[in-house]
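This report concerns only the one structure given below.
Just so it is clear, none of the values below were taken in a lab; they were calculated from the coordinates. Worth saying up front: this structure is predicted, and the values here are computed from it rather than measured. Here the Cβ positions follow ideal geometry from the backbone for every residue, glycine too, while neighbour counts run over all protein chains shown.
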Amino acid sequence: MVHRPIVDPGQKAVIVIGGGFGGLAAAQRLAKASKRARVMLVDQRNHHLFQPLLYQVATAGLNPADIAVPIRSQFAGRTSVAVHLGRVTRVNLAERYIEGEGVRVGYDYLILACGAQHSYFGKQQWEELAPGLKTLEQATEIRRRILSAFEMAENEPDPARQRALLDFVVVGAGPTGVELAGAISDIARTVLVQDFRRSNPANARIILVEAGPRVLASFPEDLSRRAALDLEKLGVDVRTGVRVAEIDEEGVRIGDERIATRNVFWAAGVEADEITRSLGVSVDRAGRVLVRPDLSVPGFPEVFVIGDAAHVEVEGQVVPGLAPAAIQQGRAAADNVLALSSDEPTRPFRYVDKGTMATIGKHLAIAHIGRLKLTGYIAWVAWLFVHVLSITSFKNRVTVFLEWTWSYLFSRRGARLITSRDWRSVSVRSDAARARAATAHTARSDSAA
């Protein structure tokens, strides 16, 4: 049975899947036309995440709540928008409904903004050993592993094992990998260096691995070279033109070299959410839907795909998977939905390139805005202000600005918390561990008998 959203006369039922930059922008645009659209926004998480600063949560620079806001709070008072927590597992384009958790909901128009996930290039078993950085859960797990490594090194009497604990490998030298590697180096050399007695955090070795010929390949070559030099000044060992051949619980093999470490973090590639491959339409190698110029799906003019889930070309160039591009696509898709609902023609998407930036460390960044190229301190200040102003919540803007000011003045980070993935108390965990050990012993005894 397919449920239909209740709409007022003159309204169309619009479903937006995903509360990221694109989905949020689309829903906010449609909310302004409440007499023409009844919107259902579905996301598997209850918060909108400012992903560009996720690496700062992973390196204890910010708290999770500093870069995330409840999706519902963005539509307070907007009665034409209903927010639902849940995961969509199937979309039936022919019959115009979505399905999730056994419930089917019909639509007049659909905007798919389901985002992307990390691609391990067929080695999905590496994910547990080398977490990526797309969600708050992944960020706090990386933070736990980084801070735990320094604590374990402090307790390790063997010098060789201590060195291995302080080896960090970041796979992929795009913006996420570069920013993560630079931040790990910064926290080791300026924040933690005075807090330990038996180990020296400044001795940490950060290795940045890139299969391509240079870091930050999406930037002009001269800015890429400058970024590599800045990383090396921070103590990051930059290795380009090499691939990761193997990752296991004891280390990673890069080319012919084996590095003993448990601190491997993945930033090497992304692919669209798996739901795009189930649509039965044309997708590219990364699973992104090949959309028409107006962002609609060929053969289904009432369905639009945006953001990291869409392969969009403008004047022969693929639109990059950046937050500003997703926001522009979300607004354009919403406008085209409203046009169709009024029997008007849709308009092709026009991308306005607002430039790209990447921070490498304190006082170090690069920026490419049109013909303008910035490096060093000026680029870093520009990066700070652009990101503060881009944060969704005003409260979070103030909080992030104050946190950065504190960190800049005193080289301290207030989010250095090691949290366990197990929420149970220590005694309960111990009892559970003993129970598992007893069960395993019984099984071995039975097998021997």
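For the pair Gln317 and Glu221, a Förster radius of 25 Å applied to the C-beta separation gives a FRET efficiency near 0.90, rounded to the nearest 0.05.
When peptides 257-264, 20-27 are sorted by average Cβ neighbour count within 10 Å, with the highest value leading, the order is 20-27, 257-264.
Fully extended, how many nm does the chain gain between Asn46 and Ala202 (0.36 nm per residue separation, minus their Cα-Cα distance)?
52.3 nm
Considering only alpha-carbon pairs that sit under 8 angstrom and 6 or more positions apart, the relative contact order computed for region 235-352 is 15 percent.
For the options Asp158, Asp43, Asp108, a Gaussian network treatment of the chain with springs between C-alpha atoms closer than 10 Å singles out Asp158 as fluctuating the most. Beta bridges from DSSP with both residues in the chain: antiparallel share about 50 percent, rounded to the nearest 5. What lysines does Lys35 reach when the alpha-carbon gap must be under 29 Å and sequence neighbours fewer than 8 apart in one chain are set aside? Partners found: Lys12.
With r defined as the distance between the Cβ atoms of Glu154 and Ser411 and R0 fixed at 22 Å, what FRET efficiency is calculated, to the nearest 0.05? Please report the intermediate quantities before stating the final value.
Details: r = 19 Å, r/R0 = 0.88.
Computed FRET efficiency for Glu154 and Ser411: 0.70.
Please work out the ratio of the alpha-carbon Rg of the chain to 2.2 N^0.38 Å and round it to two decimals.
For the chain, the normalised Cα radius of gyration is 1.06.
Note: region 183-233, Cα convex hull, 76 Å³ per residue. Here is how the number arises for the chain: DSSP H runs of 4 or more residues each give -39500 (n - 2.57), the sum is divided by the residue count, and the result at 222 nm is -10000 deg cm²/dmol.
Judged by the mean number of other Cβ atoms found within 10 Å, the most tightly packed of the peptides 317-324, 115-122 leads the ranking 115-122, 317-324.
Taken as Cα centroids, region 206-226 and region 150-200 sit 22 Å apart, rounded to the nearest whole angstrom. Each Lys and Arg Cβ is given +1 and each Asp and Glu Cβ -1; about its Cα centre, region 74-132 then shows a dipole of about 120 debye.
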